[in-house]
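Structure record follows, encoded as structure tokens.
The values are calculated or read from the model by the stated rules, or taken from the named source; none is laboratory data. These numbers come from a predicted model, not from an experiment. Because the Cβ atoms are built from the backbone with ideal geometry, glycine has one as well, and the counts that use them run over all protein chains shown.
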Amino acid sequence: MKEKLAEKDSVIEHFDQMSQTGKWSSLYSKWDGFTYHFQVRRDRVLELLPQKLGDVLDVGCGPGVMVEAVLERGGNFLGIDISPEMAKEGEEKFGHLPNVKFAVGNVESLDLPDNSFDQVICMAVVEYLNTPDLMLAEIHRVLKPGGTTIITVPKKFHIDSLTIELTKPFRKLAKLLVASDTDNLPRLCMQPVELDKAAEKAGLKFIDGRQYQFTVIPYPLTRIAPGLCMKLNLPLEKFTQTRNSVMSYLGHGYIGSYQKV
């Protein structure tokens, strides 16, 4: 059965609301059992970025969660987001800073010149697309020769995959009985090798990869006792570079680093 994927208007509406309520920014402003993996993902991305940055494009930039790190490394920041409210929030927070700009745009059709960026960050974007191909082609186009990109994607197969499927009837019942703020947007998930091959097809050479959000205690315990699970799971983040099949099964997300040759 073909996977149902998110429609663009629904994605825009979702992230506009997340910005207006401040929920997206809050995900990166606190460490708790429900949100810590957002900071872990950002840390892994920063590990893969050069210590000295040039002209940086952050596609799917949200309210600018990467701005300060980019400026600290000497970079110039341009953030593009499909959500007007996200771009507006980022501009309000950081637009007064030199070398920082925000704009509304679509990662699959960027209104930007060829060969214009040293680095491209693409964090939490792929999962809202039908396919990564158009996005990767655009990233390749706007990167300077020798430039690098960092791309994150949720994995198809991990420890929670089975338990989430097994508990589907109970989760449906719970949603009927208890109000939930969980969005219903479907996600495009990819295994590391799938993203690596798609990047190679677009002319981007693999440099390095990381996995993140390792979970030894699966869902739904992560929702029942999030604080305890976070304490038990965080030490596993040291396996971020693993290619071991067993350890990889514990990781929820993948981050690939690629270069325009």
Note to self: Which residue is surrounded by the fewest Cβ atoms within 10 Å (Cβ to Cβ), if the candidates are limited to the stretch 148-193 and must be at pLDDT 95 or above and farther than 25 Å from L250 by Cβ?
What the structure shows: T148
Notebook entry, point to check: In the stretch 40-65, how many are surrounded by fewer than 16 Cβ atoms within 10 Å (Cβ to Cβ) and within 14 Å of the chain's Cα centre (by Cα)?
Noted result: 1
Next item on the list: Restricting attention to the stretch 186-227, report how many residues are in a strand (DSSP E or B) and over 15 Å from the mean Cα position of the chain (by Cα).
Entry: 6
Notebook entry, point to check: Which of the residues spanning the stretch 244-261 are more than 19 Å from the chain's Cα centre (by Cα) and within 30 Å of R141 (Cβ to Cβ)?
Noted result: K260, V261
Check: For the subset of the stretch 1-10 comprising residues that are under 29 Å from T240 (Cα atoms) and surrounded by 14 or more Cβ atoms within 10 Å (Cβ to Cβ), which member is modelled with the lowest pLDDT?
Finding: L5
Next item on the list: Could you list, in sequence order, all residues of the stretch 87-123 that are under 18 Å from W24 (Cα atoms) and either of a type in the set (D, E, K, R) or in contact with a Cys (Cβ under 9 Å, 6 or more places away or on another chain) (or both)?
Entry: A87, K88, E89, G90, E91, E92, K93, F102, I121, M123
Next item on the list: Look through D111, D118 and report the one residue that is among the charged types (D, E, K, R), out of contact with any His (no Cβ under 7 Å at 6 or more places or on another chain) and in a loop (DSSP other than H, G, I, E, B).
Entry: D111
Next item on the list: Hey, can you tell me all the residues within the stretch 131-141 that are of a type in the set (A, V, I, L, M, F, W, C) and surrounded by fewer than 20 Cβ atoms within 10 Å (Cβ to Cβ)?
Entry: L134, A137
Notebook entry, point to check: Does the stretch 194-211 include one or more residues that are surrounded by 20 or more Cβ atoms within 10 Å (Cβ to Cβ), closer than 22 Å to G33 by Cβ and in contact with a helix residue (DSSP H, G or I) (Cβ under 8 Å, 6 or more places away or on another chain)?
Noted result: yes
Notebook entry, point to check: Pairs, please: C-beta under 9 Å, at least 6 apart or cross-chain, first residue over 22 Å from V11 (Cβ atoms) and in the stretch 91-110, second of a type in the set (S, T, N, Q)?
Noted result: P98/N76; N99/N76; V100/N76; K101/N76
Notebook entry, point to check: Considering the stretch 222-234 alone, what residues qualify as being surrounded by 15 or more Cβ atoms within 10 Å (Cβ to Cβ) and within 13 Å of D160 (Cβ to Cβ)?
Noted result: T222, C229, N233
Check: Taking the stretch 235-246, which residues are assigned to a helix (DSSP H, G or I) and either in contact with a Lys or Arg (Cβ under 8 Å, 6 or more places away or on another chain) or loosely packed, with under 15 Cβ neighbours inside 10 Å (or both)?
Finding: P235, K238, S245, V246
